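Beneath this line is the structure, given in structure tokens, with notes to follow.
The values are calculated or read from the model by the stated rules, or taken from the named source; none is laboratory data. Everything quoted here is computed from the prediction, not taken from an experiment. Cβ coordinates were reconstructed from backbone atoms using ideal geometry, including for glycine residues, and neighbour counts include every protein chain displayed. SASA here: full protein model, heavy atoms, side chains in, ligands and nucleic acids out. Shrake-Rupley method; radii C 1.70, N 1.55, O 1.52, S 1.80 Å.
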Amino acid sequence: MSHQPRPIAASPGTTFSASRIRDTVLQLLDLEDLPPIVQAGHPVLRQHAAPYDGQLDDAELGLLIGRMRAVMHAAPGVGLAAPQLGIPLQLAVLEDQFDIDPAAAALRGRGPLEFFAMLNPRYEPLGAESASFFEGCLSVNGLQAVVTRHRDVRLEYLRPDGAGAAADFTGWQARIVQHETDHLHGALYLDRAELRSLSNNSEYSANWAGHGIDAARRALGFLND
């Protein structure tokens, strides 16, 4: 029987050897079942992940991306970063194909996001506009909180084939891009959240899962002028 690989953990600023990262990936790929998602409190989520620089061969990278996509779908979620599987490598997968209420989708600027994997991503805002909505994370089970993020961003990254790429994102897609890129730099959405909005999933569903955040803002007392 395969054993769950031990996530790599070290102090911030540590350089992770290519062989150590590769060994962790190979252990994960050898598992019979999907690996669990690392939860908040584990230091792997608070480390600046190593830039991808050929630590894996093309076949290994493709298998890892496929495994990450399977974990993301099973969760289910719209993004997953390698540190969430215990791998401190700048790799994330993103995809949003959920059917949601059309009015809520319009308010959030949420449309389908085709699957893609990004290596060594970085983003910059396009303009000064921001948007505030409830947000959750697969590594912070059971909680959601309001996060203010750039409404529009430009993403630069490497594709799995090594080609450089750039794309502009807006609305909910921009939120996913920012959330997953932040993971690779040791940041969780809670670092940016309005903590007075913090709600467990049942309270969020019962009280705040409407089209916007105004009712929650008034009742919980955040983002007040």
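Once R0 is set to 45 Å, what does the formula 1/(1 + (r/R0)^6) return for the Cβ-Cβ distance between E114 and L223, expressed as a FRET efficiency to the nearest 0.05?
Computed FRET efficiency for E114 and L223 comes out at 0.90.
What order do L94, L143 take when sorted by accessible area (1.4 Å probe), most exposed first?
Result, largest first: L143, L94.
Return the whole-Å distance between the Cα centroid of the range 28-86 and the Cα centroid of the range 142-195.
For the range 28-86 versus the range 142-195, the Cα centre distance is 17 Å.
Please calculate the 1.4 Å probe accessible area of H211, with all protein chains present, and give it to the nearest 10 Å².
Counting only protein heavy atoms, H211 exposes about 90 Å² to solvent.
Leaving ligands, DNA and RNA out of it, rank E194, E95, E124 by accessible area with a 1.4 Å probe, largest first.
E124, E194, E95
Which residue fluctuates the most in the chain, going by a Gaussian network model with Cα springs under 10 Å, if the choices are E135, E60, E114?
Per the Cα network of the chain with a 10 Å cutoff, E114 tops the list.
Can you tell me what share of the DSSP beta bridges in the chain is antiparallel? A percent to the nearest 5 is fine.
95 percent
Among L155, A131, A106, which residue has its Cα positioned farthest towards the positive end of the charge dipole of the chain, with +1 placed on the Cβ of Lys and Arg, -1 on the Cβ of Asp and Glu, and the dipole taken about the Cα centre?
A131
Could you give each residue of the range 192-204 its phi-based ³J(HN,Hα) in whole Hz, using Karplus coefficients 6.51, -1.76, 1.60 with θ = phi - 60°, and x for Gly or Pro?
10, 7, 7, 5, 5, 8, 4, 9, 6, 4, 5, 5, 4
Suppose accessible area is computed on protein heavy atoms with a 1.4 Å probe; arrange S17, S205, S132, S197 from highest to lowest.
Ranked from most to least accessible, the order is S205, S17, S132, S197.
So what is the accessible area of the chain per residue, in Å², with the probe set to 1.4 Å?
About 49 Å² of surface per residue is accessible.
So what is the 222 nm mean residue ellipticity for the chain from helices alone, if each DSSP H run of at least 4 adds -39500 (n - 2.57) and you divide by all residues, rounding to the nearest 500 deg cm²/dmol?
Computed ellipticity for the chain at 222 nm equals -7500 deg cm²/dmol.
Can you tell me how much longer the chain between D58 and A206 gets when fully stretched, taken as 0.36 nm per residue apart minus their C-alpha distance, in nm with one decimal?
Between D58 and A206, full extension yields an extra 48.7 nm.
Round to a whole number: what % of the accessible area of the chain belongs to carbon and sulfur, probe 1.4 Å?
50 percent
What FRET efficiency would be calculated for the residue pair D99, S17, taking the C-beta separation as r and a Förster radius of 35 Å, to the nearest 0.05?
Using R0 = 35 Å, I get an efficiency of 0.20.
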